[in-house]
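Shown next, in structure tokens, is the structure this report addresses.
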Amino acid sequence: MRRVDGTQTVTLKNDRFLRALRREPVDCTPVWLMRQAGRYLPEYRATRKQAGSFMGLATNPELACEVTLQPLRRYELDAAILFSDILTVPDAMGLGLYFAEGEGPKFERPVRTPADIAKLAVPDMGSSLRYVMDAVSLIRRELDGAVPLIGFSGSPWTLACYMVEGGGSDNFARIKAMALNEPAALHRLLEVTTDAVIAYLAAQRAAGAQALQVFDTWGGVMAPHLYREFSLRYLQRIAAELPRGDGADRTPLILFGKGNAPYLEELAASGAEGVGVDWTVGLGEARRRTGGRVALQGNLDPTTLYASPEAIRAEAARALDDYAAANGGSRFGHVFNLGHGMSPDMDPEHVRVLVDAVHAHSRQG
Ligand code: CP3
């Protein structure tokens with residue numbers, strides 16, 4: 001299949017993932033895994049050591065390319081995902097990202113007041129985020145059309161959570177208080193962040209990304225009326241405004257959200273090509289409620305990978321069949337994935353069992 005995008009025309013050797021997102025026929029269900037490149041792989045740990053730090057790794061295009069390709073050398077994955085992080089965008093907006101040992105990501109200069117928000121601007125993709133675009137182009141070159149490359153961003157709400165809290169949070173106390181006490185200020189923060197997300201995804205597409213995913217990791221922590229006002233509204237803006245071509249050359253956009261099950265109808269109507277769901281909703285129910293308007297991605301509970309190979313195979317088959325039963329007996333329009341990212345203590349051999357089981361079971365018809 002030939003695809004033209006920002007920088008190059010290529011023939012993909014394996015286009016199952018893009019076909020599934022267009023809900024076209026496939027020989028078997030495509031599979032990739034959120035956080036497929038990461039600490040569960042010994043070769044990742046070695047490259048990270050060489051880089052010295054996570055940001056050292058993410059900002060070095062050669063090393064970012066290397067770790068992107070590592071899981072593809074081991075497993076028959078149907079897509080590559082850019083190795084980077086969602087927090088590169090607020091970092092480029094001047095917040096000063098750092099990783100405290102054992103504590104996860106933090107910002108030196110969190111956004112706490114209307115004055116802090118007024119200072120924010122969309123970062124220049126060609127300078128402060130150039131390293132991301134360089135990694136995308138390099139990965140595309142090295143992939144040489146083997147599988148498509150996914151680019152990604154955090155959702156405006158999820159990025160705002162880190163920007164306001166200054167790092168991870170158990171209860172999101174600061175941003176939830178801001179939503180109620182200073183909603184206009186939070187909307188200004190979300191507007192500029194949405195502009196940045198759209199520019200960031202468009203730049204990744206121009207550099208060679210062949211699909212784009214937005215991670216709304218923390219949308220599900222809000223009550224429904226607040227989710228609709230502070231997260232969904234901006235996801236809808238991205239789906240409507242992100243330029244991504246037409247017809248067979250359209251670059252698909254996937255909206256993944258943890259805890260997004262109550263909002264599937266609205267997400268399916270957003271104009272996105274795919275919706276990613278976690279394991280708290282069955283794929284059959286998700287298919288019935290979205291009516292075939294979008295492709296669905298998901299949704300095995302990642303902790304399934306701690307179970308036995310037999311259990312992993314059975315759970316993968318169950319998820320595949322749940323989708324197909326609700327989709328008129330057809331497996332088309334489903335991208336298999338986990339319902340959230342992998343963890344560092346997972347067994348690499350269990351990942352192989354899962355990837356092979358998805359292909360084998362779905363190939364049987
Ligand atoms: O999926 C992939 O293989 C691509 C790479 C990727 C990373 N982060 C690498 C990473 C992607 C897509 C992300 C997205 C991301 N980052 C999200 C959204 C997805 C999700 O998991 O919900 C979020 C919320 C973040 C923020 C973030 N970055 C956290 C909370 C952490 C700490 C995690 C930890 O376990 O320490 C990071 C760092 C990070 N990003 C690591 C990796 C592989 C681990 C850092 C290390 O190597 O030490």
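Within segment 225-244, the set of residues being open to solvent by less than 30 Å² (accessible area, probe 1.4 Å), touching a Ser or Thr at 6+ places or on another chain (Cβ under 7 Å) and assigned to a helix (DSSP H, G or I) comprises 231, 234, 235, 238, 239. Tallying residues that are touching a Leu at 6+ places or on another chain (Cβ under 6 Å) and exposed (fewer than 15 other Cβ atoms within 10 Å of the Cβ) within segment 65-88 yields 0. Exactly one residue out of 48, 23, 19 is more than 8 Å from the ligand (Cβ to nearest atom), assigned to a helix (DSSP H, G or I) and not hydroxyl-bearing (Ser, Thr, Tyr): that is 19. Of all residues in segment 205-224, those that are polar (S, T, N, Q) and open to solvent by 10 Å² or more (accessible area, probe 1.4 Å) total 1.
Find the residue count for segment 94-110, including only residues that are crowded, with 17+ Cβ neighbours inside 10 Å, basic (Lys, Arg) and part of a loop (DSSP other than H, G, I, E, B). Total satisfying the criteria: 0.
What number of residues within segment 26-45 satisfy the criterion of being within 9 Å of the ligand (Cβ to nearest atom) and open to solvent by 60 Å² or more (accessible area, probe 1.4 Å)? The total comes to 3. For residue 91, the conditions (1) under 18 Å from the mean Cα position of the chain (by Cα); (2) surrounded by 19 or more Cβ atoms within 10 Å (Cβ to Cβ) are fulfilled apart from (1).
What pairs can you find where one residue is in segment 318-343 and farther than 16 Å from residue 17 by Cα and within 16 Å of the ligand (Cβ to nearest atom), the other is of a type in the set (D, E, K, R) and open to solvent by less than 10 Å² (accessible area, probe 1.4 Å), and their Cβ atoms are less than 6 Å apart, with a gap of 6+ or different chains? These pairs meet every condition: 339/278; 340/278. Restricting 249, 278 to residues that are within 20 Å of residue 337 (Cβ to Cβ) and either touching a helix residue (DSSP H, G or I) at 6+ places or on another chain (Cβ under 6 Å) or not small (Gly, Ala, Ser) (or both) narrows the list to 278. When segment 51-69 is filtered for residues that are within 12 Å of the ligand (Cβ to nearest atom) and out of contact with any Ser or Thr (no Cβ under 7 Å at 6 or more places or on another chain), the ones remaining, listed by number, are 51, 52, 53, 54, 55, 56, 68, 69. Identification of helices (runs of 4 or more DSSP H) wholly contained in segment 245-342 with 1 or more residues that are of a type in the set (S, T, N, Q) and surrounded by fewer than 24 Cβ atoms within 10 Å (Cβ to Cβ) yields 283-290.
Flag set for residue 355, criterion: under 29 Å from residue 104 (Cα atoms), touching a strand residue (DSSP E or B) at 6+ places or on another chain (Cβ under 9 Å) and outside any strand (DSSP E or B).
Restricting segment 129-174 to residues that are part of a loop (DSSP other than H, G, I, E, B) and hydroxyl-bearing (Ser, Thr, Tyr), the residue that is farthest from the ligand (Cβ to nearest atom) is 169.
The values are calculated or read from the model by the stated rules, or taken from the named source; none is laboratory data. The structure displayed is predicted, hence computed values, not measured ones. Neighbour counts are summed over all protein chains in view; Cβ atoms, including those assigned to glycine, are modelled from backbone coordinates with ideal geometry. Remember, those area values only see protein heavy atoms, side chains included, never the ligands or the DNA or RNA. Shrake-Rupley method; radii C 1.70, N 1.55, O 1.52, S 1.80 Å.
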